[in-house]
Amino acid sequence: MKKAIAALVVALLLNAGPVFAQTDTRAGEKDFVTAYDAHIRKTMATFPDLPGIAIVVIKDDRPTFVRAYGMADKEASIKADADTLFYIASSTKSFTALAAAMLDKEGKIKFTDAMTEIHSRRSFQE
């Protein structure tokens, strides 16, 4: 159950970026960083079972927000930092699904196609 709650919190934190980015398009990068940092700290305080998280927000092909929160190892009292490696388990499935959905939207693949058809067409590599 704790893992499910932690996954939900991570999803909420990752999805909050577009909300902040769209609330005031004139807000500067500094305002975004301040507001997002406050949101993440508040969320982390709400879910003390979440030991640590690292977040990167990319805008115009460059990182505009790189922060780590919490602990990388609670037992050893090691704080998380931007270089902390986190075990993400099956989280990559959602990234793969998103990439496939983007390719489907671009018409490079079709969800209804068999994998052999997609592989033989190879149009998605262009």
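The values are calculated or read from the model by the stated rules, or taken from the named source; none is laboratory data. Everything numeric in this text was worked out from a predicted model, so none of it was measured. Don't worry about glycine lacking a Cβ; one is built from the backbone with ideal geometry, like all the others, and counts go over all protein chains shown. The accessibility values were calculated without ligands, DNA or RNA, using every heavy atom of the protein model including side chains. Shrake-Rupley method; radii C 1.70, N 1.55, O 1.52, S 1.80 Å.
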Where only protein heavy atoms count, and the probe is 1.4 Å, what is the accessible area per residue for region 38-111 in Å²? 75 Å²
Simple SL model, points at 7 angstrom along Cα→Cβ for residue 33 and residue 61; separation in nm is 2.2 nm
So how do 88, 40 rank on accessible area, 1.4 Å probe, biggest first, that is with the largest at the start? 88, 40
Run the quick spin-label model on residue 45 and residue 106: label points 7 Å from Cα toward the beta carbon, then report their separation in nm to one decimal. 4.2 nm
Förster radius 25 Å - calculated FRET efficiency between residue 116 and residue 90 (Cβ-Cβ, nearest 0.05): 0.50
Which entries in 59/105; 42/108; 30/108 show an alpha-carbon gap greater than 31 Å? 42/108; 30/108
Descending accessible area (1.4 Å probe), largest on the left, turns 106, 29 into 106, 29
Heavy-atom accessible area ranking, 1.4 Å probe, most first, across 98, 103: 98, 103
